[in-house]
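A short worksheet on the structure shown next.
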Amino acid sequence: MNTSNLISKFSTATLLAIMLIFINTSASQLLAQDTTDLDPFNTVKIMGLIDVELIKGEEEKIVVRAFGDDADKLSIKQQNKTLKISTIRSLVIDQDLDIMVKVYYRDLEALFTAGGADVELREAVATEEFYARAGSGSELYLEINADKLDLQAAEGAHLTVRGTAGKLRAGANTGGILDGHRLVAQNGRLRAGTGGEVSATVEEELSAKANTGGIVRYAGDPKIQIGTILGGEVKRLAGNR
């Protein structure tokens, strides 16, 4: 065999090997989607660097879209009527995860987010009572119409809410922000501490307390009780009517 033929065969084999590596690498980056039916639930807990949409549906199910093997880094568990969605504990700090989740529910009463999760409630929820807590750097977007509404933002989380409430309990601490300037309550109890900020519109009666650099902002013209210590502030929202 002459030298030129040997070089030609070697080049062809090398090219084929490179093409196989490229194909395998590209395949690993393809978007995969998986749908799983769920048992009935009314509470959802979400933790980790994942994007989640909650959607009102006719049946409970979860749709996961992920690139490559990212879906393998997601944990989905149900216990009683609680659905828990999280990234695997050792991978919570992985900034490269590309996971999108849609959760379809029939009934929703409580929602918890943490670990940098980005969560949105797609439609307004109408219910007698609802509880939501955003913690540890997560972002939560809600529209709620409830007789009783209890909201908390903590540890640098950002909770944005709109809607209505008969009785509102809302608090923010340790740098959490609870943005309720588009939330209207008849009666409210607002608390802010340790750099937290909370805002809402209250129509009738308001108890507002702030401490340790916390800020309570309110709109409306309620009968108000104010308490501030250690640099806490209670303020009217700009443009308050």
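Observations
- In this structure, E128 and E58 have a Cβ-Cβ separation that, at R0 = 22 Å, corresponds to a calculated FRET efficiency of about 0.50.
- The simple spin-label model puts a point 7 Å past each Cα toward its Cβ; for I226 and I88 those points are separated by 5.3 nm.
- The length gained by stretching the chain between F67 and Q33 to full extension, at 0.36 nm per residue less their Cα-Cα distance, is 11.3 nm.
- Sites N42 and E120 - FRET efficiency at Förster radius 25 Å, r taken between beta-carbons, to 0.05: 0.85
- Among the listed pairs K61/K167; K167/K223; K56/K209; K148/K209; K102/K209; K56/K223, those beyond 26 Å (Cα-Cα): K61/K167; K56/K209; K102/K209; K56/K223
- When the square roots of the Cα gyration tensor eigenvalues are ordered a ≥ b ≥ c, the ratio a/c for the stretch 102-200 is 1.5 or more and a/b does not exceed b/c, which makes its shape oblate.
- Under the Karplus curve 6.51 cos²θ - 1.76 cosθ + 1.60, θ = phi - 60°, whole-Hz ³J(HN,Hα) for the stretch 35-51, x wherever Gly or Pro sits: 10, 10, 6, 10, 6, x, 8, 9, 10, 10, 10, 10, 9, x, 7, 9, 9
Where a number appears in this text, it was derived from the coordinates with a stated rule and is not lab data. Values in this document were obtained by computation on a predicted structure and should not be read as measured data. Please note: Cβ atoms are built from the backbone with ideal geometry, for glycine as well, and neighbour counts cover all protein chains shown.
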